[in-house]
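A.B. asks: Here's a structure for you.
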Amino acid sequence: MNKFDKPEKILATALKLFVEYGFHGTPTSKIASEAGVSNGTLFHYFKTKDELVVALYTSLKSELSHFLIAKISETEVIKEKFRKLFTCSVEWAVENRDAFYFLQQFHFSPHRGLVSTEEIQQHSEIHLTLLQDARRAKVLKPLPPELIASLFLQQINGLYQYLTTHAEPVEKQQKWINDVFELTWTMISNPEAQ
């Protein structure tokens, strides 16, 4: 393993262990051992366990953001951008279960307070831009943007939970994704704008 592989190996191992044992149940010594590095090497790249947790969060959010940005076309109408954001988020979550679980775990942990508001906004830029565009176009109900974003995310989380606990064929999964998006759109969209 060359020196450039070590941080990635540590992060991949930490993801696996944090999902399996939680933040508090995963000592850094176990991460180092399973990653095939010494404790000193782990702490060379990540000074503290908190820094490691935040680095993993940042890495996964960046991966998800790049994935979503690549899927959404600037030429699509706002509803279709929301549909792509919803659909691609669910598909990424189902394909990257450990990563999505970790992001949920992180969101409800004290570690979230270690991430600056600017960094959170940077990782949410695609969502924020879409919300601002939709508000300017008066396509959404006149609710606070944070509430709309929270409602939207909760539908993604709920659908993810359903899809990962029920064995459904791909065609059925696609139908559920589309149906739940339509329900979500009805919930957040301004009926007068349609």
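Bear in mind these aren't lab numbers, they're just calculated from the coordinates by the rules spelled out. This structure is a prediction, so every number in the text was calculated from the model and none was measured. With ideal geometry, Cβ positions are generated from the backbone for all residues, glycine too; neighbour counts draw on all protein chains shown.
A.B. asks: Could you line up 21, 101, 57, 160 from fewest to most neighbouring Cβ atoms inside 10 Å?
C.D. replies: Arranged by neighbour count, lowest to highest, 21, 101, 57, 160 become 21, 101, 160, 57.
A.B. asks: Now, a different point. What list of ³J(HN,Hα) couplings, whole Hz, do you get for the stretch 73-89 from phi and the Karplus terms 6.51, -1.76, 1.60, once you set θ to phi - 60° and write x for glycine and proline?
C.D. replies: 8, 5, 7, 6, 5, 4, 4, 5, 5, 4, 4, 5, 4, 5, 4, 5, 5
A.B. asks: So which GluC sites (Glu not before Pro) in the stretch 59-110 are both in a DSSP loop and have at most 10 other Cβ atoms within 10 Å of their Cβ?
C.D. replies: Here the sparse-neighbourhood loop sites are 74.
A.B. asks: Hey, got the dipole for the chain? About the Cα centre, +1 on K and R Cβ, -1 on D and E Cβ, debye to the nearest 20? Provide the component values of the computation, followed by the final result.
C.D. replies: Numbers: 21 positive and 23 negative charges, 38 e Å.
The calculated dipole for the chain is roughly 180 debye.
A.B. asks: From the C-alpha coordinates alone, can you work out the Kirkwood hydrodynamic radius of the stretch 134-194, in Å?
C.D. replies: Kirkwood hydrodynamic radius for the stretch 134-194: 12.7 Å.
A.B. asks: Over the Cα atoms of the stretch 100-175, what radius of gyration and what Dmax do you get, in Å?
C.D. replies: Cα only, the stretch 100-175: 15.3, 41 Å (Rg, Dmax).
A.B. asks: How about the stretch 29-60: which trypsin sites (Lys or Arg not before Pro) there lie in a loop by DSSP and see at most 11 other Cβ atoms within 10 Å?
C.D. replies: 47
A.B. asks: Within a 10 angstrom radius of the beta carbon, how do 117, 13 rank from fewest other beta carbons to most?
C.D. replies: On the way: 117 7, 13 20.
In increasing order of surrounding Cβ atoms, one gets 117, 13.
A.B. asks: Determine the gain in length on full extension of the stretch residue 157-residue 29; use 0.36 nm per residue of separation and subtract their C-alpha separation, reporting nm with one decimal.
C.D. replies: Full-extension gain reported as 42.9 nm.
A.B. asks: Tell me, what HN-Hα J-couplings in whole Hz come from the Karplus equation 6.51 cos²θ - 1.76 cosθ + 1.60 at θ = phi - 60° for each residue of the stretch 34-47, using x for Gly and Pro?
C.D. replies: Couplings: 6, 7, x, 10, 7, 4, x, 5, 4, 6, 5, 8, 9, 4 Hz.
A.B. asks: By count of other Cβ within 10 Å, fewest leading, how are 182, 118 ordered?
C.D. replies: The order, fewest Cβ neighbours first, is 118, 182.
A.B. asks: Let me ask something else about it. So for the stretch 1-103, averaging the separation of alpha carbon pairs under 8 Å that are six or more residues apart and normalising by length, what relative contact order in percent results?
C.D. replies: In percent, rounded to a whole number, it is 29.
A.B. asks: Send over the Kirkwood Rh of the stretch 59-193, from the inverse of the averaged 1/r over different Cα pairs, rounded to one decimal Å.
C.D. replies: Kirkwood radius, the stretch 59-193: 15.6 Å.
A.B. asks: Something else: Would you mind computing, in nm to one decimal, how far apart the modelled labels at residue 168 and residue 182 are, each placed 7 Å from Cα along Cα→Cβ?
C.D. replies: It is 1.3 nm.
A.B. asks: If contacts are Cα pairs under 8 angstrom and at least 6 residues apart, what is the relative contact order of the chain in percent?
C.D. replies: Relative contact order of the chain: 22 percent.
A.B. asks: Check which residues have an amide H placed less than 5 Å from residue 140's amide H, if you skip close sequence neighbours.
C.D. replies: Here the answer is 190, since their amide H atoms fall under 5 Å of that of residue 140.
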